[in-house]
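Have a look at the structure below, then the notes.
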Amino acid sequence: MGVTQKLGNLGVVTTTLDTAINWARNGAMWPLLFGLACCAIEYMSTQASSYDLSRFGMELNRATPRQADLIIVSGRVTRKMAPVVRQLYDQMASPKWVISMGDCASCGGVYNNYAVVQGVDEIIPVDVYVAGCPPRPEQLLHGILTLQEKIYGETIKDWA
Amino acid sequence: MAIQIPDSEAQEFKWEGSLDELKGLVSERAMTGETMLLNMGPHHPSTHGVLRLLLELDGEEIVTCMPDIGFLHTGIEKNIESKTYEKAVTLTDRMDYLSPISNNMAFCLAVEKLTDLDVPARAQLIRVTCLELQRLSSHLVWLGTHAIDLGAMSVFLYCFREREKILEMLEMLSGQRMMGSYFRPGGVWRDITPDFLPTLRAFLDIIPAKIDDYEALLTRNPLWIDRTQGIGVVEPEVALAWGLSGPTLRGSGVNWDIRKAMPYSGYEQFEFNVPLGEHGDVYDRFYCRILEMRETVKILEQAYARLLKEPAGIFRSNNRKFVPPPRAELGQSMEAVIHHFKLWTEGFSAPDEEVFVSIESPRGEISCYLHGTGGTKPRRVHFKTPSFIHIGALPVMTNGHLIADLVAIIGSIDCVLGDCDR
């Protein structure tokens with residue numbers, strides 16, 4: 001009675017293909033090992049002991065964009081760096097997502113001047129903006145969870 | 001066979017320059033194709049930021065190494081020209097983002113020298129405490145990333161565990177983990193909180209054993225020694241000629257520490273040694289920084305003992321022409337309201353003179369050149385930063401070494417590209 005019967009019932013799970021694929025994409029998202037400025041240090045903190053990003057299936061940073069699903073633009077994007085960021089984004093395979101981490105990447109932050117691109121969304125499409133200068137690791141984690149929620153709302157047709 | 005993607009937005013990337021542009025920069029052998037030109041960065045996990053290196057390789061050996069900087073040029077110096085002196089402190093935080101407090105210190109010191117503003121002794125003591133905490137946190141990031149570059153993964157996790165504790169303390173003081181802008185002209189923003197000293201005590205109790213742990217992982221590790229000893233040697237004369245500073249210079253055995261040579265903020269009242277290397281290689285620079293961490297703990301112990309005698313008190317100059325009055329005074333004194341209004345709308349004026357100050361940051365010498373206008377904004381601010389100079393000297397250290405050693409050498413000069421490009 002009870003347990004064995006219930007275990008037997010769990011042998012088959014019915015779900016939609018979208019949910020299953022989104023679950024897999026969420027649980028094993030590989031970020032690009034990429035940092036620009038101050039926010040990259042907080043991104044490192046997020047991955048390190050105290051905050052442990054791997055709880056969300058993100059411990060595997062890939063240094064090559066070909067193997068990455070997510071680019072976290074962490075820091076100010078300068079005019080000299082902008083073509084490089086764009087090229088990195090182009091080299092990533094679909095499906096791919098972008099988190100703009102920090103004020104500088106989101107809107108230029110305190111630097112409204114000749115050198116800084118006023119928001120990375122001028123060159124690549126951004127899914128989640130994380131505010132802060134630099135954002136706390138908790139804020140970045142919140143941004144990542146927001147992105148995961150967003151991915152659950154997607155269908156595979158979006159990337160077809 | 002190349003993958004053909006019809007009807008896609010993929011573009012062909014072509015190098016638009018010609019090899020002639022590199023004449024004089026690379027050896028003649030590169031022109032004939034005998035040596036290989038290889039691009040490293042600006043997106044590379046081991047360049048510690050957005051540094052680009054153009055390498056000329058003979059097999060695995062580096063013939064020439066050409067750093068290409070400016071990928072993080074933010075125009076901070078230009079931005080400061082349109083800010084009042086107090087507001088500009090916020091921008092200086094974001095140059096060398098591993099030791100924002102050192103940048104604050106260099107700038108505040110310059111402003112104080114320009115306006116002849118006094119800093120109370122207790123404020124200087126708080127400053128030294130923060131500076132040394134920041135030095136420790138900066139060295140922890142350096143150690144973690146340097147070790148991860150050479151394949152020792154776990155050191156990174158240990159280092160960041162302790163760094164979090166330092167950031168918590170800095171957050172207690174300034175309300176922000178990294179970019180606190182805690183130092184202001186004339187002292188610090190606010191007094192230390194009641195929690196700060198017990199937390200500092202608890203931290204000082206554990207940190208020496210933690211440094212022992214890092215040393216146990218690396219100092220006598222044969223793999224570590226093989227990768228670092230005899231690599232990237234800089235002779236003392238060469239180091240001085242290239243203007244190296246900080247642990248990168250002291251690794252070569254040159255006894256030059258601005259905290260000792262030109263004391264600022266009351267460093268002359270603290271007892272500490274300046275660790276020196278002998279050979280000027282990657283290992284000596286590594287070991288200098290490890291020893292420096294221990295000296296930092298020594299300074300922190302002395303600062304703690306002195307702060308304990310006076311846990312609350314003066315933390316900023318009382319000169320109302322430069323320092324805004326405390327909030328409580330605003331309801332009682334008309335003069336305080338006027339000062340508050342003037343300082344926060346217009347700022348204070350500094351004379352049309354130029355000053356130059358240097359401090360010892362975790363990376364080396366940060367100098368600030370400041371030229372006032374007689375008004376409330378500076379005419380020109382320039383920072384002479386250690387990373388810029390160290391990256392310039394990179395070819396001296398790398399040429400003739402293997403490409404795998406390049407990663408160790410970049411780690412050992414502890415460059416921060418925000419510091420370099422500003």
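The values are calculated or read from the model by the stated rules, or taken from the named source; none is laboratory data. None of the values given here were measured: they were computed from a predicted structure. Note that each Cβ is placed from the backbone with ideal geometry, even for glycine, and that neighbours are counted across all protein chains shown. With ligands, DNA and RNA removed, areas are computed over all heavy atoms of the protein, side chains included. Shrake-Rupley method; radii C 1.70, N 1.55, O 1.52, S 1.80 Å.
The table below lists the values:
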item: In the stretch B:118-145, the residues that are more than 23 Å from B:Glu310 (Cα to Cα), in contact (Cβ under 8 Å) with a residue 24 or more places away in the chain and not polar (S, T, N, Q); result: B:Arg135, B:Leu136, B:His139, B:Leu140, B:Val141, B:Trp142, B:Leu143
item: Given (1) more than 11 Å from chain A (Cβ to nearest Cβ); (2) at negative phi, number of the condition B:Phe160 does not satisfy; result: (1)
item: Single condition B:Glu86 does not satisfy, out of (1) within 11 Å of another protein chain (Cβ to nearest Cβ); (2) at negative phi; result: (1)
item: Positions within the stretch B:404-422 being part of a helix (DSSP H, G or I), away from chain A (no Cβ under 12 Å) and open to solvent by less than 10 Å² (accessible area, probe 1.4 Å), in sequence order; result: B:Leu406, B:Ala408, B:Ile409, B:Ile410, B:Gly411, B:Ser412, B:Ile413
item: Residue in the stretch B:63-81 that is within 14 Å of chain A (Cβ to nearest Cβ), β-branched (Val, Ile, Thr) and part of a helix (DSSP H, G or I) present; result: yes
item: All positions within the stretch A:75-102 that are open to solvent by less than 50 Å² (accessible area, probe 1.4 Å) and farther than 16 Å from A:Trp30 by Cβ; result: A:Gly75, A:Arg76, A:Val77, A:Thr78, A:Met81, A:Ala82, A:Val84, A:Val85, A:Ser100, A:Met101, A:Gly102
item: Identity of the residue in the stretch B:119-150, open to solvent by 10 Å² or more (accessible area, probe 1.4 Å) and away from chain A (no Cβ under 13 Å), that ends up nearest to B:Leu406 (Cα to Cα); result: B:Leu150
item: Among residues of the stretch A:51-70, those that are in contact with a Phe, Trp or Tyr (Cβ under 7 Å, 6 or more places away or on another chain) and either within 25 Å of A:Tyr114 (Cα to Cα) or of a type in the set (Ser, Thr, Tyr) (or both), counted; result: 0
item: Meets criteria (at the interface with another protein chain (Cβ under 10 Å from one of its Cβ atoms), surrounded by fewer than 23 Cβ atoms within 10 Å (Cβ to Cβ) and under 26 Å from B:Leu167 (Cα atoms)) for B:Ser46; result: yes
item: Close pairs (6 angstrom Cβ cut-off, 6 or more residues apart or separate chains): open to solvent by 40 Å² or more (accessible area, probe 1.4 Å) in the stretch A:41-61, among the acidic types (Asp, Glu) anywhere; result: A:Ser50/B:Glu164
item: Complete set of residues in the stretch A:127-155 that are among the basic types (Lys, Arg) and either within 14 Å of the chain's Cα centre (by Cα) or buried (at least 20 other Cβ atoms within 10 Å of the Cβ) (or both); result: A:Lys150
item: Search result, residues across the stretch B:249-296 that are touching a residue at least 12 places away in the same chain (Cβ under 8 Å), of a type in the set (Gly, Ala, Ser) and over 21 Å from B:Ile126 (Cβ atoms); result: B:Gly251, B:Ser252, B:Gly253, B:Gly277, B:Gly280
item: Test for A:Ser106: is it modelled with pLDDT under 90 and in contact with a Phe, Trp or Tyr (Cβ under 9 Å, 6 or more places away or on another chain); result: no
item: Filter pass, A:Pro95 being assigned to a loop (DSSP other than H, G, I, E, B), in contact (Cβ under 8 Å) with a residue 60 or more places away in the chain and more than 14 Å from chain B (Cβ to nearest Cβ); result: yes
item: Residue count, the stretch B:317-346 (criterion: of a type in the set (Gly, Ala, Ser) and open to solvent by 30 Å² or more (accessible area, probe 1.4 Å)); result: 3
item: Any hit, the stretch B:183-205, residues being in contact with a Cys (Cβ under 6 Å, 6 or more places away or on another chain) and either more than 14 Å from every other protein chain (Cβ to nearest Cβ) or under 19 Å from A:Ser49 (Cα atoms) (or both); result: yes
item: Qualifying residue in the stretch B:202-219 (condition: assigned to a loop (DSSP other than H, G, I, E, B), open to solvent by 40 Å² or more (accessible area, probe 1.4 Å) and farther than 27 Å from B:His279 by Cβ); result: no
item: The listed residue being open to solvent by less than 10 Å² (accessible area, probe 1.4 Å) and either outside any loop (DSSP other than H, G, I, E, B) or facing chain B (nearest Cβ under 9 Å) (or both), out of A:Ile124, A:Ile71; result: A:Ile71
item: Some residue of the stretch B:90-112 being in a loop (DSSP other than H, G, I, E, B), more than 12 Å from every other protein chain (Cβ to nearest Cβ) and closer than 30 Å to B:Arg227 by Cβ; result: no
item: Selection from the stretch B:251-273 of residues that are out of contact with any Leu (no Cβ under 7 Å at 6 or more places or on another chain) and surrounded by 17 or more Cβ atoms within 10 Å (Cβ to Cβ); result: B:Gly251, B:Ser252, B:Asp257, B:Ile258, B:Arg259, B:Ser265, B:Tyr267, B:Phe270, B:Phe272
item: Of all residues making up the stretch B:102-117, the number that are among the polar types (S, T, N, Q), over 14 Å from B:Ser361 (Cβ atoms) and open to solvent by less than 10 Å² (accessible area, probe 1.4 Å); result: 0
item: Selection within the stretch A:45-62 - more than 7 Å from chain B (Cβ to nearest Cβ) and not in a loop (DSSP other than H, G, I, E, B); result: A:Thr46, A:Gln47, A:Leu53, A:Ser54, A:Arg55, A:Phe56, A:Arg62
item: Residues located in the stretch B:220-248, provided they are touching a residue at least 60 places away in the same chain (Cβ under 8 Å), open to solvent by 40 Å² or more (accessible area, probe 1.4 Å) and touching an Asp or Glu at 6+ places or on another chain (Cβ under 8 Å); result: B:Arg227, B:Val233
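Listed here are the residues, each with its yes/no results for (1) under 19 Å from B:Leu223 (Cα atoms); (2) at pLDDT below 90; (3) assigned to a loop (DSSP other than H, G, I, E, B).
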residue	(1), (2), (3)
B:Leu114	no, no, no
B:Gln124	no, no, no
B:Thr129	no, no, no
B:Leu133	no, no, no
B:Ser137	no, no, no
B:Leu140	no, no, no
B:Gly144	yes, no, no
B:Ile148	yes, yes, no
B:Arg161	no, no, no
